[in-house]
Amino acid sequence: MRKPIIAGNWKMHKTVAESLELVNALKPLVAGVTNVEIVVAPTFTALAFVSQVVGGSNIALAAQNMYWEDSGAFTGEISPLMLKDVGCEYVILGHSERRQYFGETNETVNHKVKAAHVHGLKPIVCVGERLEQREAGIAHDVIRDHIVHGLAGLTAAEMLESVIAYEPVWAIGTGKTATPDQAQDVHAFIRGLLTEIFSADVADQVRIQYGGSVKPENVSELMAQPDVDGGLVGGASLRADLFAQIVKH
Ligand code: 13P
């Protein structure tokens, strides 16, 4: 039985003070929730502060990116050790915004995913097609590429400690959500790939989140799909009331 996982990706939003305000508002709203794993992903500068607030609670901490080396002359980068140091349990990797604006490729994502596992960080690996790829009928091919190359070389045990987020790029920040059928189609396709690469047993246990304009109004029908195991929420995670409604849908 897969425990649903709902994560808020705060992207490049909120100062430390604003982040603390948000997480302090969220914490009591979701305090009783035990049937959903709750994750928040603040900016790097807010991680250590938010960590103090969520420590010992039912809210886990995630970073939005990292580099794969432990330390060294890599100006501007953050290592897995540093994320562990501030209490991160998860790290979002391969987000489409990183692929689009910062040159991430399946290969760099794969380095990062492996490094996360070396340090006991659980990666949330993002995959998803762009609008023109969906219109050209190659959405499944793009996702196969993201999965096969992004997860190359992982052991079954590492795969079980990973989460996949399907985020169709055309649904991110656009208010245009994938229909439940569209999401289910791709989620089932991803689970099929995991069966091919790992095993039916592994595929059955890995959680696959949907991301792209998730809101209180659409979360229930998305989560009702058999292969949708959670959400990766952008805009609506910036408001404690909306994010709590999504968690408690
Ligand atoms: P929105 O919920 O704002 O569409 O963002 C989705 C997303 O990219 C989460 O990682």
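None of the figures in this text is laboratory data; all of them are computed from the coordinates on show. Fair warning: this is a prediction, and the values are worked out from it, not measured in the lab. Glycine also receives a Cβ, built like all others from the backbone with ideal geometry; neighbour counts cover every protein chain displayed.
Applying a threshold of 9 Å to beta carbon distances and a minimum spacing of six or more residues, or different chains, the list of pairs starting in region 212-240 at a residue that is at positive phi and of a type outside the set (S, T, N, Q) and ending at one that is more than 12 Å from the ligand (Cβ to nearest atom) and part of a loop (DSSP other than H, G, I, E, B) reads Gly230/Arg2; Gly230/Lys3; Gly230/Pro4; Gly230/Val36. Checking each residue in region 151-194 for being of a type in the set (D, E, K, R), touching a strand residue (DSSP E or B) at 6+ places or on another chain (Cβ under 8 Å) and not in a helix (DSSP H, G or I) picks out Glu161, Glu167.
Here's the yes/no breakdown for (1) buried (at least 22 other Cβ atoms within 10 Å of the Cβ); (2) within 16 Å of Ile6 (Cα to Cα); (3) away from the ligand (no atom under 15 Å from the Cβ):
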| site | (1), (2), (3) |
| --- | --- |
| Pro168 | yes, no, no |
| Gly173 | no, no, no |
| Leu193 | no, no, yes |
| Glu196 | no, no, yes |
| Val233 | yes, yes, no |
| His249 | no, yes, no |
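Applying the set (1) within 11 Å of the ligand (Cβ to nearest atom); (2) farther than 18 Å from Thr34 by Cα to Ile208 leaves exactly one unmet item: (1). Does region 67-107 hold any residues that are free of Cβ contacts under 8 Å to residues at least 40 places away in the same chain and assigned to a helix (DSSP H, G or I), and which are they? Leu81, Met82, Leu83, Lys84, Asp85, Arg98, Arg99, Tyr101, listed by residue number. Scanning region 100-116 turns up one or more residues that are surrounded by fewer than 19 Cβ atoms within 10 Å (Cβ to Cβ), within 16 Å of the ligand (Cβ to nearest atom) and within 17 Å of the chain's Cα centre (by Cα). Here Leu26 fulfils each of the conditions (1) surrounded by 15 or more Cβ atoms within 10 Å (Cβ to Cβ); (2) closer than 18 Å to Val163 by Cβ apart from (2).
The set of residues in region 61-87 being within 29 Å of Asn35 (Cβ to Cβ) and either more than 16 Å from the ligand (Cβ to nearest atom) or surrounded by fewer than 17 Cβ atoms within 10 Å (Cβ to Cβ) (or both) consists of Leu83, Lys84, Val86, Gly87.
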